[in-house]
Amino acid sequence: MRRVTVAGERPYDVVIGPGAQAELGLVLAGTPKAAVVHAPPLAALAGAAVETLQTAGVAAEAVVVPDGEAAKTAGVAAAAWEEFGRLGLTRSDAVVGVGGGAVTDLAGFLAATWVRGVRVVHLPTSVLGMVDAAVGGKTGINTGAGKNLVGAFHPPAGVLADTDVLAGLPEAEFRAGMAEVVKCGLIADGTILDLLEADPTGRRDTEELVERAVRVKADAVGQDLFDTGVREFLNYGHTLGHAIERVEDFRWRHGEAVAVGLVFAAELGVQAGRLSRADADRHRDLLTAMGLPTRYAGDWTALQAVMRVDKKARGATLRFVVLDGLGTPGILTDPDPAWLDAAWATVAA
Ligand code: GLY
């Protein structure tokens, strides 16, 4: 089993490998009760987690929430709080989140708020969940005003990334999650790029890729939990990526939008004289080999308007993560509009 420790006030381990879920009893040993939050399609996996906990002497019960983003609402949170009350969950108890990023975001938020904070352990079931959502303590729900606008920083007590569950993931989901792995390679770990160039499916080296991507994330959030510094580099490719998701009404997979955003950010780096043409081409070539999109013919005016209200924007000033060479991220503020247009032309072509 591979292990990455995330530093912080309360350090925790991300355990990666086949069968990692079996460590749940160890992570929550001595805990009186646990609520296992999951969506209906993952009832079998959540049932196994409940059994593992019960075998370890933890009184565990499942709490069912809707699937996907539908889980991240104030109404669903309110219903889950009622369930926690019925279960008599106290501060000595724990929440377990079993699912993709939406369910672990909700479970983390429930844990952050219930009795002002109980421990949460995540069992992420997607590549995206393993390398991003479940690690780093960002939790939250959506409101009419926007996605993730209500939430809390609440780092988990442990993350069990059981790579066995990835075998059943639809190929397009797996591939889209790998876009975040590529991002980690581009900003910090060239071996990720070498491994994916050797096997663009990501299936041959999945465990090593997940471990390396988790290390990149752990390093950023260990230094900057509250997202005021280096954590922002994890946003590479996300400014345009988030705008595409918004403009497409979230019908695009996150990783697919990020793939286009990575190519755009690389081209912006070239325009700004910060990244070489060869390194930008490496972005496009790898993502293409992986079957991820690198082009998007959308409404450039609408995308720019959305980018100006991106969470990373300051006022109406555009702000991008760009690379000063592979593995060296930096910030580009208020780029020349001609650079933006030129970068856009390469993805819209
Ligand atoms: N997903 C980016 C972050 O956790 O900061």
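Every number here is computed from the coordinates shown, using simple stated rules; none is lab data. From a predicted model like this one, the values you see are computed outputs, not experimental measurements. With ideal geometry, Cβ positions are generated from the backbone for all residues, glycine too; neighbour counts draw on all protein chains shown.
What's the Kirkwood radius of region 177-229 in Å, using all Cα pairs? Before the final figure, lay out each step's value.
Numbers: mean 1/r = 0.0887 Å⁻¹.
Result for region 177-229 stands at 11.3 Å.
What FRET efficiency do you get for residue 198 and residue 248 if R0 is 41 Å and r is their Cβ-Cβ distance, rounded to the nearest 0.05?
The computed FRET efficiency comes out at 0.80.
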### Task
Exposed loop trypsin sites (Lys or Arg not before Pro) only (DSSP loop, at most 11 other Cβ atoms within 10 Å): please give the longest stretch of the chain free of them, not including the sites.
92-250
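How much of the calculated P(r) for region 1-67 lies past 20 Å, in percent of all Cα pairs?
On the way: 840 of 2211 pairs.
Roughly 38 percent, rounded to a whole number.
Would you mind getting the Kirkwood hydrodynamic radius of the chain from its Cα pairs, rounded to one decimal in Å? Each step should come with its number before you reach the end.
Numbers: mean 1/r = 0.0490 Å⁻¹.
Its Kirkwood hydrodynamic radius stands at 20.4 Å.
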### Query
Can you pull the Rg over Rh of region 90-237, Cα-only, Kirkwood?
0.98
## Note on the structure
For region 156-205 (alpha-carbon point model, no solvent) the Debye-based log₁₀ I(q)/I(0) at q = 0.16, 0.18, 0.22, 0.28 Å⁻¹ works out to -0.52, -0.65, -0.89, -1.11
#### Entry: Segment residue 171-residue 3, length gained on full extension (0.36 nm per residue, minus Cα span)
57.9 nm
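Anything over 22 Å Cα to Cα? Flag those among 33/147; 72/138; 33/138; 183/217, in the order listed.
Working: 33/147 31 Å; 72/138 13 Å; 33/138 24 Å; 183/217 10 Å.
Among 33/147; 72/138; 33/138; 183/217, the Cα-Cα distance tops 22 Å for 33/147; 33/138.
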### Message
If I take every Cα pair under 8 Å that is 6 or more residues apart in the chain, average their sequence separation and divide by the length, what percent do I get for the relative contact order?
### Response
15 percent
### Task
Would you work out the charge dipole size for the chain about its Cα centre, treating the Cβ of every Lys and Arg as +1 and the Cβ of every Asp and Glu as -1, and quote it to the nearest 20 debye?
720 debye
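Which value, in nm² and rounded to one decimal, describes the direction-averaged projected area of the C-alpha convex hull of region 198-349?
On the way: hull surface 36.3 nm².
Averaging across all directions leaves 9.1 nm² for the Cα convex hull.
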### Message
With every atom except the alpha carbons ignored, what do you get for Rg and Dmax of region 48-165, in angstroms?
### Response
13.2, 43
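How much length would be gained if the chain were fully extended between residue 224 and residue 81, taking 0.36 nm per residue of separation minus their Cα-Cα distance, in nm to one decimal? Provide the component values of the computation, followed by the final result.
Details: separation 143, 0.36 × 143 = 51.48 nm, distance 2.97 nm.
So the extension gain works out to 48.5 nm.
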### Query
Two-decimal Rg/Rh of region 241-292 from alpha-carbon positions, Kirkwood Rh?
1.04
### Query
For the modelled label position 7 Å from the Cα of residue 317 along Cα-to-Cβ, which residues of region 219-242 have backbone nitrogen atoms closer than 12 Å?
none
## Note on the structure
The helix 254-271 Cα axis meets the longest alpha-carbon principal axis of the chain at an angle in degrees, between 0 and 90 and rounded to 10, of 30 degrees
### Query
What's the Cα-based Rg to Rh of region 25-64, Rh via Kirkwood?
0.96
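Mind checking the full-extension length gain between residue 152 and residue 54? Use 0.36 nm per residue of separation minus the Cα-Cα distance, one decimal, nm. Write out the running numbers ahead of the final one.
On the way: separation 98, 0.36 × 98 = 35.28 nm, distance 2.92 nm.
Contour length minus the Cα-Cα distance gives 32.4 nm.
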### Task
Report, in degrees rounded to the nearest 10, the 0 to 90 angle that the Cα long axis of helix 74-87 makes with the longest principal axis of the chain.
20 degrees
